[in-house]
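Asks: I'd like to ask you about the structure that follows.
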Amino acid sequence: MATLSTLQQADIQHFIHPFTDSKTLGEKGTRIIERAEGVYLWDIEGRKLLDGMAGLWCVNVGYGRQSIVDAVSKQMQQLPYYNSFFQCTHPPAIELAKTIAELAPAHMNCVFFTGSGSESNDTNLRMVRRYWDLKGQPTKKTIISRDNAYHGSTVAGASLGGMSGMHKQGDLPIPGIVHIAQPYWYGEGGDLTPEAFGLQAAQALEAKILELGEENVAAFIAEPFQGAGGVIIPPSTYWPEIKRILAKYDVLLILDEVISGFGRTGCWFAAEYFDLKPDLISIAKGMTSGYVPMGGVIIADRIAEVIKNQCGEFTHGYTYSGHPVAAAAALENIRIIVQEKLVEKVATETAPYFQSRLQQLAEHPLVGEVRGIGLVAAIELVKDKSLRQRFNSDIGVGTWCRDLCIEHGLVMRSVGDTMIISPPLTISLAQVDELIEKAIKALNDTYAKCMV
Ligand code: PLP
């Protein structure tokens with residue numbers, strides 16, 4: 001059996017990790033996760049960790065679900081692969097499209113399958129442009145997104161995203177994609193109230209549409225709350241104003257629910273939580289709880305009718321669009337969420353408890369703000385609470401805190417000095433207590449380290 005050091009050496013030699021500075025692998029070594037059950041992970045040294053991130057915001061039903069393993073194994077034996085191109089398909093993909101249409105907002109009844117969230121957003125870009133072409137408005141091509149958004153890592157996904165670090169690598173964004181400011185009140189709201197700042201941030205969309213000309217704007221893409229950007233939850237005034245603007249200029253709404261879909265906010269989709277009527281919804285992650293890769297786009301009737309009836313061949317698709325094994329995993333994952341009433345449980349029980357316990361952390365001297373909805377939250381680490389003053393980013397206080405969390409048996413993610421929590425939806429109230437206690441210990445240790 002491979003030992004820890006031989007595995008780590010092979011990792012450093014042969015494996016270029018996503019979103020990782022390879023030098024740190026050499027300096028710190030890799031944390032190798034070997035198995036998982038429920039909300040817990042075990043690393044190769046036997047250390048037990050509470051997974052406060054559900055993997056990468058995706059393991060909604062928790063680890064170790066035998067019924068998903070069985071569904072996948074059965075499907076592999078019966079039909080491990082077939083495509084959905086050229087008038088073919090197979091039962092799992094059909095059943096999954098119907099199931100998702102039943103769960104989605106009432107005006108959305110079709111699904112296009114992809115292999116990931118990034119591919120879903122690439123699909124959106126091509127679909128909205130094709131839609132406007134077919135509607136006789138071919139100049140409506142530009143997509144407006146937001147700074148610091150994350151919409152994936154493909155060329156279109158990273159261009160739609162607003163992360164400057166990603167744009168710098170690979171000469172992005174591609175033409176036809178522009179960005180406006182994000183609704184990040186804590187970081188950028190200055191002296192404005194959250195409500196006034198939310199309105200101002202939304203009105204940046206109107207200003208951009210007017211600058212470009214409404215006849216040139218195809219769509220606005222946004223996460224309901226920005227996930228990888230640091231769980232940025234727009235002030236209450238933001239989405240109603242965005243809705244008004246989109247309706248006024250007939251600009252489509254692409255809602256990226258790759259993180260928020262499948263129960264995280266206590267609704268099946270955050271569209272419901274924020275009272276939105278999107279034209280397209282990107283999905284992935286919680287669709288299969290990450291057991292098998294899969295993504296998709298849920299399509300409003302207004303768009304689907306045009307694509308179905310006027311488009312001819314929609315020249316777009318992936319070898320693994322609607323993959324039967326992934327579809328079988330998704331169907332079983334959704335069956336579990338329904339049967340265990342996980343969405344209702346998050347809304348009425350787990351999220352209220354989680355959010356109220358989190359507020360305790362707001363009193364910590366290192367914590368500037370705690371914000372969250374449903375089972376997702378951010379903790380801002382600051383040098384001076386009253387001034388909302390941050391630490392020098394070179395120090396890496398967030399990384400200290402992340403590493404200290406691991407020492408206390410908890411996985412939290414750091415985005416700069418913002419700590420992120422997004423546990424499996426199956427987390428129990430006792431496990432929420434455990435998570436908070438571990439987080440407090442890590443915050444205390446981080447604070448002590450900052451004071452040296
Ligand atoms: N959109 C959002 C909001 C995401 O958070 C992510 C991934 O984290 C993506 C898209 C990209 O999904 P994938 O990594 O499956 O391509």
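Asks: Pairs under 7 Å by beta carbon, first residue over 23 Å from Leu79 (Cα atoms) in the stretch 328-341, partner part of a helix (DSSP H, G or I), six or more apart or different chains?
Replies: Short answer, once both residue conditions are applied: Ile337/Val343.
Asks: Looking at the stretch 113-154, which of its residues are touching a Gly at 6+ places or on another chain (Cβ under 7 Å) and away from the ligand (no atom under 12 Å from the Cβ)? Even if it seems obvious, please write down each step before you answer.
Replies: As a first pass, look at the stretch 113-154 and keep what is touching a Gly at 6+ places or on another chain (Cβ under 7 Å): 113-122, 141-143, 145-152.
Within the stretch 113-154, Phe113, Lys141, Thr142, Ile143, Asp147 qualify.
Asks: All but one of (1) within 16 Å of the ligand (Cβ to nearest atom); (2) farther than 30 Å from Leu381 by Cα; (3) within 21 Å of the chain's Cα centre (by Cα); (4) surrounded by fewer than 19 Cβ atoms within 10 Å (Cβ to Cβ) hold for Gly170; state the number of the condition that does not hold.
Replies: (3)
Asks: If you take just the helices (runs of 4 or more DSSP H) that sit entirely in the stretch 16-87, which of them hold at least 2 residues that are polar (S, T, N, Q)? Spell out how you get there, then give the answer.
Replies: Values: elements: 22-28, 54-57, 66-78.
Per the criteria, 22-28, 66-78.
Asks: Tell me, please, whether a residue that is under 21 Å from the mean Cα position of the chain (by Cα) and more than 16 Å from the ligand (Cβ to nearest atom) can be found in the stretch 63-70.
Replies: If we filter the stretch 63-70 for residues that are under 21 Å from the mean Cα position of the chain (by Cα), which is where we start, we get 63.
Filter again for more than 16 Å from the ligand (Cβ to nearest atom), leaving 63.
Checked the stretch 63-70: at least one residue is under 21 Å from the mean Cα position of the chain (by Cα) and more than 16 Å from the ligand (Cβ to nearest atom).
Asks: Every residue in the stretch 285-320 that is hydroxyl-bearing (Ser, Thr, Tyr) and more than 14 Å from the ligand (Cβ to nearest atom), please. I'd like the intermediate steps shown before the answer.
Replies: Taking the stretch 285-320 as the starting set, the residues that turn out to be hydroxyl-bearing (Ser, Thr, Tyr) are 288-289, 291, 315, 318-320.
Selection gives Thr315, Thr319.
Asks: Would you confirm whether any residue within the stretch 174-181 is more than 16 Å from the ligand (Cβ to nearest atom) and in contact with a Phe, Trp or Tyr (Cβ under 8 Å, 6 or more places away or on another chain)?
Replies: Here is the first cut: in the stretch 174-181, the residues more than 16 Å from the ligand (Cβ to nearest atom) are 174-176, 178, 180-181.
Right, trim to in contact with a Phe, Trp or Tyr (Cβ under 8 Å, 6 or more places away or on another chain) and you get none.
No, because not a single residue in the stretch 174-181 is more than 16 Å from the ligand (Cβ to nearest atom) and in contact with a Phe, Trp or Tyr (Cβ under 8 Å, 6 or more places away or on another chain).
Here, each number is a calculation from the coordinates, and none is a lab measurement. Predicted model, so just to flag it, every value in this text is computed and none were measured. Reconstructed Cβ throughout: ideal geometry from the backbone, glycine too, with neighbour counts over all protein chains shown.
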